Amino acid sequence: MKKQSVRPFGIRDKLGYALGDCGCNFSFQLVSTYMLLFYTQCVGLKTTDWAWIIIVAKVWDAINDILIGNMVDNIHIGKKSKFMPWITIGGVSLVVTTILLFAPFTASFAYIGKVIWCLLMYCLWSVAYTLVNVPYGSLHSVITEEPKERTSLSTFRSIGASLPAMICMVLPKLVYRKTADGDVLDTNRVFITSIVFSLVAVVAFIGLQKLVTERVVRISAPANADAPKKKTNYLGSVKSYFTNRALIGITIATVALVVFYNSTMSMNNLVFQYFFGDAGKATIGMVCGYIPLLLFMPFASTLSAKFGKKVVSWATAIFSCAVGVLMLVGCFTGVISPDTKGMIIYIAGLMFVNIGCCCFQIIVWAMVADCIEMNFRKTGKQEEGTLYAIYSFFRKLSQGIGSAMLALFLGAIGYVEGQGAQTEQFKANVPTLYIGFLVAGLAIMFVGMFFVYNIDKKKELEFAGEHSA
């Protein structure tokens, strides 16, 4: 590897990299938290139609994710940067598609028009998100080679991602309106929110490009500096991915996290809206749920250096899984009841359940960078974009699976589409369903990190020794 003589790694890189995921997540959080609710409550889609729309959209992602990753690796449209021009193109596309996805006029379409619009716009949004997120994620591995610096980038990425998530916490107070029948999601308020979030994302993407420096230039396999540069090809990159055990472990854990945790966050709003009878209180629940994230961030690098990222991931996952099981017991025994006392117990329990998910989310990007580094050392090929795209594909496929599962399970426990009253069966069972999803995700995450992922502390120290040699 060859390092250019450029500005040393520092706080500018960390802040700039944080802004990148901040921009992505203003769109992602809005879509993942409110798209299901918007299209079933405001537009009027049936949950069964929502389920197949999401699956079809994610099959489309199977095509565009890896193709875009390969395109980023092999088509350099900028002289100074491999990744920044693609981030610009993707960022503009993401802003436009996010706003159109929540367009209020959709509610006036005939039903078939609603279905077509939802499918079309979500597919276009997925392409836009890939165009910005794949080069952004790949950027991690070329900002620095140092393991501790990569962990700090992963931490700051989590900080950037958390800002939109925390802002989304106050949205229930802004996007819901009080009616005689209870809290109702307001179509126009959601649309205005999509415009505001998109404008903020533009500013964040500009900040990313102004602050971050690409200082790692890969020119050949590290074992043979005179070897010719190996080009990336689609099938070769797929083989590299599925022969990288660490990447498989990360993928298993990530799929579990996204299917059972990220994709079900909108259900937490339903718990407060219908089980506790106060959608506005969802803000309190979400704020408290993010406390573990805020507490772990300052110590992520230290704990990862002391125990290794693998141990931190599986240990926190199994702890949170155990707490989740206790919460399920509380649901079945009536301890978590639809009153103030039950709400306090529910919120407190979520704080501990979220520990495992939050810790993994903070350090996962450093682990992905380590996996890509290991692949380069093994193959000598510049596959950052393609490998990250395959990983991104599994993340987004998981979003589709999770959202489809959520819609089907909501229907199974009596969820009624539209803005009318819900069944008593649904109100009683929605917290149990939500907590059950979290427990399942944490259990699978533990399996992926404990049994499959194979970059332990010893291997991390070997990387560090090679970099300092």
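Since every read-out is calculated from the coordinates, none of them should be taken as a lab result. Treat the numbers as computed from the prediction; the structure is a model and nothing was measured. Don't worry about glycine lacking a Cβ; one is built from the backbone with ideal geometry, like all the others, and counts go over all protein chains shown.
Quick rundown of the values:
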item	result
Cα-projected label distance for residue 348 with residue 173, points at 7 Å along beta-carbon direction, nm	2.4
All aspartates and glutamates inside 13 Å of residue 459 as judged from Cα atoms, apart from same-chain residues fewer than 8 positions distant	370, 373
Debye log10 I(q)/I(0) for the chain, one point scatterer per Cα, at q = 0.14 Å⁻¹	-1.38
Cα radius of gyration and Dmax for the stretch 244-288 (Å)	15.1, 48
Calculated [θ] (222 nm, deg cm²/dmol) that DSSP helices of n ≥ 4 give over the chain, each run adding -39,500 (n - 2.57)	-25000 deg cm²/dmol
Candidate lysines for bridging to residue 458, where Cα separation is under 22 Å - those fewer than 8 sequence places away on the same chain excluded	148, 306, 309, 310, 378
Residue-by-residue Karplus 3J(HN,Hα) for the stretch 75-82, coefficients 6.51, -1.76, 1.60, Hz, glycine and proline x	10, 9, 9, x, 7, 9, 9, 7
Options 67, 293, 45, ranked by Cα towards positive dipole end of the chain, top entry (Cβ charges)	67
Cα-centred dipole magnitude for the chain, charges only on beta-carbon of K, R (+1) and D, E (-1), debye, nearest 20	1180
Sorted peptide list for 333-339, 312-318, criterion being average Cβ within 10 angstrom, highest first	312-318, 333-339
Residues of type lysines that residue 46 reaches as a straight line, Cα spacing below 28 Å, ignoring anything fewer than 8 places off in the same chain	58, 114, 173, 178, 281, 396, 427
Qualifying chymotrypsin sites (Phe, Trp or Tyr not before Pro) for the stretch 38-127 [loop in DSSP, other Cβ within 10 Å: at most 12]	none
Span-like helix ranges in the chain, DSSP H, alpha carbon extent 18 angstrom or more, Kyte mean at least 0.0	11-37, 47-74, 84-101, 111-143, 147-169, 187-211, 245-260, 309-333, 340-379, 384-412, 424-447
